[in-house]
Amino acid sequence: MRAIFAALKEQGMDIVVFLDLLTWGDDSCISNHKCRYERAALFNSAEFPGMLRRWWRVPGGRAETPRAMLQEFVVEHAGELIEQEMKGPVLASLLAAPPEEDPLSLTVLTSLKFASLAENIRTTGAPVLWQILQGAAWTKRQALVNTHKTPQNVLMNIIAMLAYSRSSHCNRLAVLWSIYLKSCGLSARAFDTVHAIGLTMSHKWTSEGWKKIATTQMENTRANAETRAWFMSYDNLNIPRRVFSQRLDNKDMFYSACAATLWVLPKGVKMPDSAAYQRASRAGAKQPFDSRKLILEGDPAAKARVRAQAVYRILRFLVDSPVFATYEDRADIDAEKPAPVHQLPHGPEHIVQQFILRTADIDESSYEGNEKAIEEWMRQLGFDSREQRKKTSTDRLIVMVGDQLTAERLRGMMKYRSDDMNGYERLDWVRPQFGWFHLQMAFAVSLHKQYLGTAGGIGLQRAFHLLQRKGLTNTQTKGPFWHHLNEALKHFAEACIHACWLTIAGVEKLEDLLQQPPEALVIIAEDIYDQLASRKGLMKRVLLRQKQKDPVIYQMTMFNMDVLYYLDLCDAMPIGEVGRMDDLIPTLTQRFAGGGHPKYLIEMLEHLQCFHQEWPPDLKDFVRKYCWLVNRSGKPDGFTAVDQAQEQNIKDLKVTYRASGPGATLEHLAKVSPAVPVLRAVKDCIKWQIQLVKARGTKHTVPAKEKDVELLKSTAMSEGWFTYTDGRTIKRPEDVAKDVLSLGTQALFEDGAIERWWSGRAFERRATERWADEPGRADGRGVPAPVSTAAGGIPETAQVEIEVETDITEVEVSEAPVYIE
């Protein structure tokens with residue numbers, strides 16, 4: 001080195017002049033071949049990066065460090081690199097919405113994947129900036145220790161905020177966060193705050209975007225209604241509105257509105273043939289179904305299937321108990337599961353799409369309200385023009401699902417308007433269908449009414465008292481009553497079946513059955529059903545002589561029998577087992593007839609009449625497959641009753657995605673309500689991409705039930721509910737439960753319930769198709785159309801023949817329009 005320094009000095013140079021001349025500091029040195037070669041050798045050498053690092057951090061902390069000048073250099077030129085990345089087309093293409101698509105469409109909003117976006121930014125969009133920010137956000141120790149926590153989402157959002165600050169077109173992530181936070185109910189003040197830091201769009205933009213999403217969804221709704229198979233559901237929507245300062249135009253109000261959902265079925269599903277339905281319905285409506293065959297005698301195959309399900313459920317009560325967690329032959333028990341009767345398919349290709357219509361300011365509890373609601377839904381779907389009405393009258397068949405009141409009102413309207421002049425006004429194109437969720441609740445209320453008893457008896461109120469369950473003594477229609485009752489019924493049933501296992505098997509503890517092979521357990525389960533949980537076992541108790549009767553065993557056997565039907569319905573609905581649901585119709589008919597539920601009795605009779613007497617096969621298949629249950633997730637256990645799904649949509653409109661503030665009027669709700677499915681999809685899209693949000697469930701934690709079941713089982717065994725006791729009686733008359741199924745049979749076939757239903761249902765329906773735009777004919781409402789006397793029409797004082805269905809055949813036309821009644 002000293003020799004080189006001496007040589008440089010001989011040439012009149014020092015190390016600074018030499019490096020300056022070598023690195024493009026002189027024109028001659030730039031073009032000289034030898035200098036170019038040596039310069040390239042220096043910059044391409046493996047030692048050059050090490051030289052730079054030593055310049056940045058001199059070994060030993062020597063005073064002659066050039067770090068201050070290098071730091072200034074790095075800051076200056078790193079800023080140039082970052083600016084090039086931020087201005088580059090790659091980053092803009094990643095953070096801007098697709099140019100040919102709507103940035104607020106469901107496809108664009110839910111197609112943004114955080115992991116993919118972050119990786120693209122890191123590798124091609126802004127690699128230099130990403131590397132710098134990663135060094136600031138993540139220490140080396142964290143990189144070595146952390147197994148799943150990374151600053152990936154943090155860096156992605158920082159770069160997105162910087163890009164949005166430079167250009168409002170780079171707003172794809174900001175749009176997604178805006179819609180997500182809007183769906184979470186973020187207030188306007190908080191929205192403006194996060195907008196000020198560049199994370200989201202403004203609150204005004206988001207509100208307008210919400211309305212635009214709703215408008216787009218309505219357009220999609222109309223398009224799907226024209227091209228795809230679908231059906232509808234609707235129900236009432238009650239919203240209280242409170243104000244702090246009352247004025248003439250600003251009062252407290254209670255909105256009784258109506259909300260509807262269009263359920264679009266998977267591709268390939270065809271709508272039922274309207275003409276075939278009209279022919280079959282008119283022919284089948286001339287006589288009632290064979291009630292003795294369908295209800296009294298029943299289908300032997302269906303009875304065998306119901307028995308098999310009950311035996312398997314008794315078996316599962318034992319095997320699913322905590323004491324059987326170590327049972328080695330569980331696979332053999334699972335093999336005993338009965339084959340599906342008619343289970344709906346699942347998977348992504350069977351997902352049902354939902355489109356919420358605009359909320360209408362209509363009280364649908366009355367006939368007039370339902371009439372207005374139907375007209376409103378047809379208007380929103382674009383079916384309100386004269387041509388569309390004619391097409392609906394002859395070519396469309398729309399299934400409308402609702403609770404019992406909605407179905408009843410629709411049938412009543414069809415009856416009262418049966419003499420109108422065309423099919424549209426007669427509602428020939430409407431097919432009412434009750435909802436299974438409300439029927440399930442009615443079933444639970446029927447069991448509550450039948451077995452409530454007193455706190456000192458053997459019924460449900462005794463179980464409520466032992467378990468300290470509050471609010472279950474009186475039937476309620478609001479709040480969590482049905483949820484609590486449903487849980488209590490299941491826990492009480494499980495405890496009773498456990499007690500039956502101990503009684504029939506002759507053991508003291510369930511653990512004593514662990515040594516039994518699966519074949520023996522199946523035989524015991526069948527004995528439990530035949531003796532203590534079936535009509536057969538109940539009849540054996542009835543046939544015993546008076547001195548050998550035990551009313552406690554009789555009543556508990558009847559409870560097991562009835563509650564197993566209820567549990568069968570509860571288990572069949574989530575998995576789409578519509579065949580098992582159909583098998584329970586005769587039993588449900590008897591229960592509602594004997595239990596004092598005349599409204600649901602009519603629903604069961606209507607179902608039997610339609611399915612076994614009037615409907616063509618394609619309509620029966622369509623309703624059973626698609627209009628009882630819907631699967632919005634594609635999961636095997638993702639089926640939901642249509643009316644329950646409608647109630648969930650109403651909850652979203654009222655609570656989850658409600659609008660708050662002085663502008664939260666019913667008019668505003670009507671504008672934004674179609675956007676709810678998109679908001680729900682955006683929340684799900686975010687949830688599955690953020691680990692912390694994913695870990696926070698959407699359902700509350702269900703407490704363990706073992707202590708409750710054990711207490712009820714111990715009570716049943718200590719008081720001998722399933723053990724014969726000589727001379728035992730039930731002291732209080734209110735503790736004695738009625739045999740509702742037997743009473744139902746009596747009401748149907750002896751007291752004339754079926755005849756009364758048929759007398760109110762049998763009526764003539766007109767089959768004409770006459771419209772107001774046809775000259776000389778009455779309009780669709782039966783209100784006669786005026787005879788035209790305009791220029792070019794019928795001359796005044798003319799005698800004309802008009803086709804009517806009365807004895808009047810000749811009318812003198814005066815100056816005023818003539819109406820024919």
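Can you tell me the Rg and the Dmax, both Å, for the Cα atoms in segment 88-201?
14.9, 45
So what's the back-of-envelope 222 nm ellipticity for the chain, counting only DSSP H runs of four-plus at -39500 (n - 2.57) apiece and dividing by all residues, rounded to 500?
Calculated mean residue ellipticity at 222 nm is -16000 deg cm²/dmol.
If I model segment 18-167 as equal point scatterers sitting on the Cα atoms and use the Debye formula, what is log10 I(q)/I(0) at q = 0.18, 0.20 Å⁻¹?
After summing over all Cα pairs, the log10 values are -1.15, -1.26.
Please order HIS195, HIS169 by the number of other Cβ within 10 Å, starting at the fewest.
The fewest-first ordering by Cβ neighbours comes to HIS169, HIS195.
Among THR123, THR394, which comes first, then next, by fewest other beta-carbon atoms within 10 Å?
So the residues, fewest neighbours to most, are THR123, THR394.
With the dipole of segment 128-266 worked out from charges on the C-beta (+1 for Lys and Arg, -1 for Asp and Glu) around the Cα centre, which of CYS258, VAL243, VAL128 lies farthest toward the positive end?
VAL128
Could you work out the local net charge near PHE48, counting Lys and Arg as +1, Asp and Glu as -1, over the other residues with Cβ closer than 12 Å to its Cβ?
Net local charge, PHE48 excluded: +2.
Between segment 569-626 and segment 336-405, how far is it from one alpha carbon centroid to the other, in angstrom?
Going from one Cα centre to the other spans 19 Å.
Taking just the alpha-carbon atoms of segment 229-321, what radius of gyration and Dmax come out, in angstrom?
25.3, 68
Work through the residues other than GLU376 whose Cβ is under 11 Å from its Cβ and net out their charges, Lys, Arg +1 and Asp, Glu -1.
Once positives and negatives cancel, what remains is -2.
Relative contact order of segment 2-72: what whole-number percent is it, with Cα pairs under 8 angstrom and at least 6 residues apart?
Contact order relative to length: 13 percent.
Measuring from centroid to centroid over Cα atoms, what is the spacing of segment 729-771 and segment 157-216 in Å?
Here the answer is 58 Å between Cα centres.
About its Cα centre, how strong a charge dipole does segment 88-201 have in debye, to the nearest 20, once Lys and Arg get +1 and Asp and Glu get -1 at the Cβ?
500 debye
Alpha carbon centre of segment 663-693 versus segment 494-524: separation in Å?
Spelled out, the Cα-based centre of one part sits 50 Å from the other.
From the phi of every residue in segment 405-416, what ³J(HN,Hα) in whole Hz does the Karplus formula 6.51 cos²θ - 1.76 cosθ + 1.60 yield, where θ is phi - 60° and glycine or proline is x?
With the stated coefficients, segment 405-416 comes to 5, 5, 4, 5, 5, 5, 5, x, 4, 5, 6, 5 Hz.
When each pair of different Cα atoms in the chain is counted once in the 1/r mean, what is the Kirkwood radius in angstroms, to one decimal?
Here the Kirkwood hydrodynamic radius works out to 33.4 Å.
Test of the criteria: in segment 474-510, which trypsin sites (Lys or Arg not before Pro) are in a DSSP loop and have at most 16 other Cβ atoms within 10 angstrom of their Cβ?
LYS478, LYS509
In segment 643-749, which chymotrypsin sites (Phe, Trp or Tyr not before Pro) fall in coil by DSSP and have 15 or fewer other Cβ atoms within 10 Å?
The qualifying sites are TRP688, TYR724.
Could you please report the charge total around TRP24, scoring K, R as +1 and D, E as -1 over all other residues with beta-carbon less than 13 angstrom from its beta-carbon?
-2
Taking segment 197-255 on its own, what percent of its Cα-Cα pair distances exceed 19 Å?
66 percent
Over the chain, what relative contact order in percent results from Cα pairs under 8 Å that are six or more residues apart?
The value is 16 percent.
For a bin width of 5 Å, list the pair-distance distribution of segment 2-72 built from all Cα-Cα distances, rounded to whole %.
That works out to 3, 14, 15, 21, 24, 16, 5, 1, in percent per bin.
Below 8 Å between Cα atoms, with a sequence gap of 6+, how large is the relative contact order for segment 452-592 in percent?
14 percent
How do GLU364, GLU219, GLU328 rank when sorted from fewest to most other Cβ atoms within 10 Å of their own Cβ?
Going from least to most buried by this count: GLU328, GLU219, GLU364.
For the chain, with only Lys/Arg (+1) and Asp/Glu (-1) charged at the beta-carbon, what is the dipole magnitude about the Cα centre, in debye rounded to 20?
It works out to roughly 2780 debye.
Values in this text are rule-based calculations from the coordinates and carry no lab data. Worth saying up front: this structure is predicted, and the values here are computed from it rather than measured. Neighbour counts run over all protein chains shown; Cβ positions are idealised from the backbone, glycine included.
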